[in-house]
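K.L.:
I am attaching a structure below and will ask some questions about it afterwards.
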Amino acid sequence: MNGMRQIVAMTGWHLGAGSLAVALALGWLPAARSDSPPSAPTITLGPGSQLWVEGDSTLHKYRLDAKELRIAMLASGGGGLSDLVAHGSIKTLDVHVPVRGLTSGESGLDSNMRAAMKEDQFHDIRFQMDSYQSSAGSLKVRGRLQIAGVEKPIELEAAAATDGSALRVTGTTRLLLTDYGIKAPKFMLGTMTVADAVDVHFVLRLEIAR
């Protein structure tokens, strides 16, 4: 695979230092090339990355902040993040948001939302990328979003801009809770009901690990 080192395992016999030199001289083994492709870069989330959910209810608006956010990305080739994205070199993207880490500061709202999302059975909200397109300063990402055990195809639009050596990706998407089998929770003896539509906001500051 382009951008990934090939490791050849040799079994059954062993070459000592002297034997290796002889083997190279006789042409039994190819000499190491100095222009070997770089290993695939490791991409991580940098400081300032965040994700939060904004919604409404019959009583007041609310906001749930994700206290934990995990990503796994695989890219091929080398260069900076902007080049990797522009050249279509991001091969996989997997995002996990633990449901227990979604907090509003109101214990009643938090516990009811976690129960509605079946946190005891499905611990994470998960997004898996299938493909993406990039143009000047913008991204269109297609994938699958899984909430409360229900998976749906989704298309996300985001803005992308360099931030020092990092790439800052920002966007907002609207979801309906009922699309994922989530019944809008009620609490305070039924006087407060959460609206079906929520807006998910994300700021991902992506960095290549050094």
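K.L.:
Taking into account only those residues within segment 52-73 that are under 16 Å from LEU204 (Cα atoms) and assigned to a strand (DSSP E or B), which is nearest to the chain's Cα centre (by Cα)?
P.N.:
Once the filter is applied, the top-ranked residue is ILE71.
K.L.:
Among the candidates GLU151, GLU155, GLU207, which residue alone is in contact (Cβ under 8 Å) with a residue 60 or more places away in the chain, more than 18 Å from SER57 (Cα to Cα) and of a type in the set (D, E, K, R)?
P.N.:
GLU207
K.L.:
Can you pull out the residues in segment 88-141 that are surrounded by 14 or more Cβ atoms within 10 Å (Cβ to Cβ), within 30 Å of HIS60 (Cα to Cα) and acidic (Asp, Glu)?
P.N.:
Of everything in segment 88-141, those that are surrounded by 14 or more Cβ atoms within 10 Å (Cβ to Cβ), within 30 Å of HIS60 (Cα to Cα) and acidic (Asp, Glu) turn out to be GLU106, ASP110, GLU119, ASP124.
K.L.:
With VAL194, VAL203 as the choices, which residue is surrounded by 13 or more Cβ atoms within 10 Å (Cβ to Cβ) and over 16 Å from the mean Cα position of the chain (by Cα)? Can you show your working first?
P.N.:
Details: VAL203 fails: over 16 Å from the mean Cα position of the chain (by Cα).
Checking each option against the conditions leaves just VAL194.
K.L.:
Given the conditions (1) of a type outside the set (Phe, Trp, Tyr); (2) closer than 19 Å to LEU204 by Cβ; (3) surrounded by 14 or more Cβ atoms within 10 Å (Cβ to Cβ), which single one is not true for GLU155?
P.N.:
The failed condition is (3).
K.L.:
Do we have ASP130 as of a type in the set (Asp, Glu), over 20 Å from GLY55 (Cα atoms) and touching a Gly at 6+ places or on another chain (Cβ under 8 Å) here? Lay out the reasoning, then the answer.
P.N.:
Working: of a type in the set (Asp, Glu): yes; over 20 Å from GLY55 (Cα atoms): yes; touching a Gly at 6+ places or on another chain (Cβ under 8 Å): yes.
For ASP130, the condition - of a type in the set (Asp, Glu), over 20 Å from GLY55 (Cα atoms) and touching a Gly at 6+ places or on another chain (Cβ under 8 Å) - is met.
Coordinate-derived values only; no laboratory data. All of these numbers come straight from a predicted model, not from anything done at the bench. Cβ atoms come from the backbone with ideal geometry, glycine included; neighbour counts cover every protein chain shown.
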